[in-house]
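Data block below; observations after.
Nothing in this text is a laboratory measurement; each read-out follows from the coordinates by a stated rule. Quick caveat, the model's predicted, so the values are computed rather than measured. Note: ideal-geometry Cβ built from the backbone for every residue, glycine included; neighbour counts use all protein chains shown.
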Amino acid sequence: MTARPLAGRRAVITGGARGIGAAITRALAADGADVLACGRNEDALRELADSLEGAGVEVHTATCDVADPDSITMMATLAGEHLGHVDILVNNAGCAHSAPLHHQTLEDWNRLFAVNATGTFLCTKAFAPAMAQQGWGRVINIASVAARTGLRYVSAYSAAKHAVMGFTRSIAAEMADRGVTANAICPGYVDTDMTEQTLARIVEKTGMSRDEALASILQTTPQRRLITPEEVAHIAAMLCGENARGINGQAIGMDGGEFLG
Ligand code: NDP
């Protein structure tokens, strides 16, 4: 095993400048992959690129809104120009919304599907066929524990993440004999802005303090803690390795044992 097991590999990470995506971008770069991180926020992308200066790999960025098909096409063109070919795609960009069913709107439903599910479909379509042609590839979708089970107040999010899971399994079957694997990582609450927004919403709705809101969500987690972005990134990097080539079509739980399916 080389010190940099992903040397020579080229990776695209959606939502790669913040939260879980930034941790994955860093982990893949540390393992030697050239990376292209994308997202909507140019400042966050620039900050991420600056933080990776001296990492000894190529670090590129692209602005991309995965809810916009044209934006994905432009990002894929840029990825081709910068990286040549792409070996690894991490579909990490996502958004969440929580509300009881009677407050879920069609706009919420469509937005969550556009970003989480359709974005994953379009990005995979942009890169995975070429991976199959070259005979090697990794597609890693950041789903959620909500892709594996039903949870209160997240019906649209859970439906969109279940769609990601079904898509992952189907792509895995379709590309299994072409050297490409597709897997999903399914975390519970992770210590990122997304969870901070959940806490802010609980505070707003209930009048709890932020610490009380945190305690209330931790009550639902067996380990009574938030998962760190680095734990998710560790599994993403592992899935890119040669020794993970037999792992395909899996929903890899990272929820401290919340869902024991
Ligand atoms: P954050 O809210 O911290 O970050 C969301 C990321 O997605 C950002 O990089 C953001 O980029 C990107 N993003 C959102 N919408 C779009 C869009 N339309 N186009 C492009 N990029 C977009 O969340 P996390 O880091 O926590 O979430 C990352 C993934 O992990 C998501 O898919 C989420 O569903 C999943 N997840 C998160 C959990 C958690 O508890 N936090 C638990 C389980 C799964 P930018 O705003 O810069 O464009």
Next item on the list: Give me the Debye-computed log₁₀ of I(q)/I(0) at q = 0.07, 0.11, 0.16, 0.17 Å⁻¹ for the chain, equal point scatterers on Cα only, no solvent, two decimals.
Entry: -0.23, -0.57, -1.21, -1.35
Check: How far, in nm, would the chain grow between Asp211 and Glu53 when pulled straight, counting 0.36 nm per residue and subtracting the alpha carbon separation?
Finding: 53.3 nm
Check: Where does the chain land at 222 nm, in deg cm²/dmol rounded to the nearest 500, when only DSSP H runs of n ≥ 4 count, each adding -39500 (n - 2.57), divided by all residues?
Finding: -14000 deg cm²/dmol
Next item on the list: Name every cysteine in the chain that ends up alone, with no second cysteine's Cβ under 4.7 Å, or say none.
Entry: Cys95, Cys123, Cys186, Cys240
Note to self: Net charge around Phe167, counting only other residues with Cβ within less than 13 Å of its Cβ (Lys, Arg = +1; Asp, Glu = -1)?
What the structure shows: +2
Next item on the list: Please give the net charge around Leu52, taking every other residue with its beta carbon less than 13 angstrom from that of Leu52, where Lys and Arg add +1 and Asp and Glu add -1.
Entry: -4
Check: Counting pairs of alpha carbon atoms under 8 Å apart in space and at least six apart in sequence, what relative contact order in percent does the chain give?
Finding: 19
Margin query: Amide H of Gly137 versus every other amide H placed in the peptide plane: which residues, excluding those fewer than 5 positions away on the same chain, fall under 5 Å?
Written below: Val180, Thr181
